[in-house]
1. Would you confirm, using the coordinates I've provided, whether Asn150 is within 25 Å of Val98 (Cα to Cα) and either more than 16 Å from the chain's Cα centre (by Cα) or within 12 Å of the ligand (Cβ to nearest atom) (or both)?
2. How many of the residues making up region 189-217 are within 15 Å of the ligand (Cβ to nearest atom) and surrounded by 20 or more Cβ atoms within 10 Å (Cβ to Cβ)?
3. Here is a check on your reading of the model: is Arg47 touching a residue at least 12 places away in the same chain (Cβ under 8 Å), in a strand (DSSP E or B), charged (D, E, K, R) and open to solvent by 70 Å² or more (accessible area, probe 1.4 Å)?
4. Looking at the structure I just gave you, is Pro304 open to solvent by less than 40 Å² (accessible area, probe 1.4 Å), within 14 Å of the ligand (Cβ to nearest atom) and more than 19 Å from Ile204 (Cα to Cα)?
5. Could you please give the count of residues in region 290-313 that are among the β-branched types (Val, Ile, Thr), under 27 Å from Glu188 (Cα atoms) and touching a strand residue (DSSP E or B) at 6+ places or on another chain (Cβ under 7 Å)?
6. Looking only at region 12-30, decide whether some residue is hydrophobic (A, V, I, L, M, F, W, C), in a helix (DSSP H, G or I) and at pLDDT below 95.
7. Collect the residues in region 339-367 that are farther than 16 Å from Glu402 by Cβ, open to solvent by 50 Å² or more (accessible area, probe 1.4 Å) and part of a strand (DSSP E or B), keeping them in residue-number order.
8. Among the residues of region 173-182, write down those that are more than 10 Å from the ligand (Cβ to nearest atom) and surrounded by 18 or more Cβ atoms within 10 Å (Cβ to Cβ).
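The values are calculated or read from the model by the stated rules, or taken from the named source; none is laboratory data. A quick note: this is a predicted structure, and the numbers were derived from the prediction, not measured. Because the Cβ atoms are built from the backbone with ideal geometry, glycine has one as well, and the counts that use them run over all protein chains shown. Side chains included, ligands, DNA and RNA excluded: accessible areas come from the protein's heavy atoms. Shrake-Rupley method; radii C 1.70, N 1.55, O 1.52, S 1.80 Å.
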Amino acid sequence: MNNMVSVAILGHGVVGSGVAEILLTHKQKLFASLGEEIYIKKVLDLREFPDSPIAERFTKDFEEIINDLEIRVVVEVMGGLHPSYEFVKRCLKAGKSVVTSNKELVAAYGAELLEIARQENVNFLFEASVGGGIPIIRPMNQCLVANIVNEVAGILNGTTNFILTKMIEDGMQFEDALRLAQDLGFAERNPAADIEGHDACRKICILASLAFGKHVYPEMVHTEGITRITLEDVKYAEKFGCVIKLIGRVKKLPSGKIDIVTAPMLVPFKSQLANIDNEFNGIMVRGDCTGDVVFYGKGAGKLPTASAVVADIVDCCMHLKQRRFLYWADGKGDNIISVSESEFAMYVRAKGKNVAAKAEALFGSIQSISTPGSHRTAFTTEKMPYGQFIEKINKLAADDVEILSTIRIGDL
Ligand code: HSE
C-alpha cells in the first residue's frame, strides 16, 4: 500500500504498549515528519489484550510476522536474551529492519547483529537501549563524530538513582525505595539487574563499543552495585562534599587501551552529574573538540523509552533501502586494562582505634573525618591503581581495623 509502512511490535509490556500508544496517538505528527503512515500490522504477545484499540492485530505466532513481506520494520521490546536474539536475527536475515530497546541484547550480541544488518543492508537501531528517552546513541554516532571521545561517564540506571536519591533526600531505607521504584515501573523484572549494577554495566558497554569501535562485553567489565551502600556512607560522602551515584565510566588511556568500570562512586557536588536525581539519567561525553557534553533526561519509564523507540522506527522507515551508519567490530577484551590497574582515589569507612593515623602511615596523604567517641572514621585517599589500594587496605584490616566500606571517588 502507498503512503504506509507496516511495522510489527514484539512484546506489549511497559515499553511495547508505550510504543503502540505513541504510534496511535501521534499518528498525524509522525505522518507530518515521515510523509507516510506507520501502520502497526501485528503485535506479538502471549497474553490477551481485548481492550486494546488494535486487539484484532495481536498474534501469539512469530511466524506470522516473519513471513509477512509487507512488514518492513520489527520492534523488539520483549526484553531478555531469548527468544529476542533468535527473533531479531531472523528478522534481519529476512531483510527487515529492527529497532530494539533491549540493552541486554545489544550488550551481548550487538557486534553480531550489526554485522548481519550490514550484510543484509538493513538497519538495526537501539537508541532506547541507553538512557531511555535521552538521545545518546545518535548524538554520539552522528553529532559528535568529529570528536575523538576520551571518556564517557554516566548515571545509567534510573532505579538505582531513584533509590539513592530517596536515601539521600528522605533518609528512606533501601528496601522501601526499591519497592517504590518497582511500583513506578522503573525496575527490571528481576531488580537484581538494577541493584547489582548489571543494567548500568550493559549500557556503558554499549556506549564504550560505540565510542571506541570494538564490542565490550559485560563479562569484561568490573561491576559493583549499590546493595552495600548505607545511610552512614551517604552522610559521610556529604561531609566530603560529594553525593553517591552508581556510575558507568569508560576512559581512553594514553596507551590506547580503555579503562571501564561500573560502580558506586562519590561524585563531587560541583560535577554536572551530582544533581541528577530520581529516575533521571545523565551521561557526560568528553570529546576532544567539544569538551564535556552532558545529556540529561528520563532514563526509564513507559513513554520516555517508547519515544526513543518510535524515533528509531521513523528513522528506519525513512531509510528502508539505505543503511544508517552504525557499526562496531567484535572485541576480545584485549583493549581493556584490568581492574587492578584502574586508577581511582578512594573513600574508606572504617572502625577501630587510631584509624586515621594508621591509614596515613599506609596511604600517605589522606583526608579524614572521625565521629567522636565511636571509633568510626571515614577517609579519602589520593588516586592510585586499585590493586595497590586493595593491598594497603588489607594491611589496614590486619592492623586491627574493621573496614566497613570502600567506594571509588569519581573524577567527574
Ligand atoms: N531498569 C532500568 C532502569 C530501565 O531503572 O534504568 C531502563 O533501562
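1. Values: within 25 Å of Val98 (Cα to Cα): no; either more than 16 Å from the chain's Cα centre (by Cα) or within 12 Å of the ligand (Cβ to nearest atom) (or both): yes.
No; evaluated as a whole, the condition is false for this residue.
2. Narrowing region 189-217 to residues within 15 Å of the ligand (Cβ to nearest atom): 189-207.
Checking which are surrounded by 20 or more Cβ atoms within 10 Å (Cβ to Cβ) leaves us with 193-195, 197-207.
Of the residues in region 189-217, 14 are within 15 Å of the ligand (Cβ to nearest atom) and surrounded by 20 or more Cβ atoms within 10 Å (Cβ to Cβ).
3. Numbers: touching a residue at least 12 places away in the same chain (Cβ under 8 Å): yes; in a strand (DSSP E or B): no; charged (D, E, K, R): yes; open to solvent by 70 Å² or more (accessible area, probe 1.4 Å): yes.
Judged against the criteria, Arg47 is not a match.
4. Details: open to solvent by less than 40 Å² (accessible area, probe 1.4 Å): yes; within 14 Å of the ligand (Cβ to nearest atom): yes; more than 19 Å from Ile204 (Cα to Cα): yes.
Answer is yes for this residue.
5. First pass over region 290-313, keeping only residues among the β-branched types (Val, Ile, Thr): 290, 293-294, 305, 309-310, 313.
Now drop any that are not under 27 Å from Glu188 (Cα atoms), which leaves 294, 305, 309-310, 313.
From what is left, the residues that are touching a strand residue (DSSP E or B) at 6+ places or on another chain (Cβ under 7 Å) are 294, 309, 313.
Selection size over region 290-313: 3.
6. Within region 12-30, the subset hydrophobic (A, V, I, L, M, F, W, C) is 14-15, 19-20, 22-24, 30.
Adding the requirement that they be in a helix (DSSP H, G or I) leaves 14-15, 19-20, 22-24, 30.
From what is left, the residues that are at pLDDT below 95 are 14.
Looking through region 12-30, at least one residue is hydrophobic (A, V, I, L, M, F, W, C), in a helix (DSSP H, G or I) and at pLDDT below 95.
7. Glu343, Gln367
8. Of everything in region 173-182, those that are more than 10 Å from the ligand (Cβ to nearest atom) and surrounded by 18 or more Cβ atoms within 10 Å (Cβ to Cβ) turn out to be Phe174, Ala177, Leu178.
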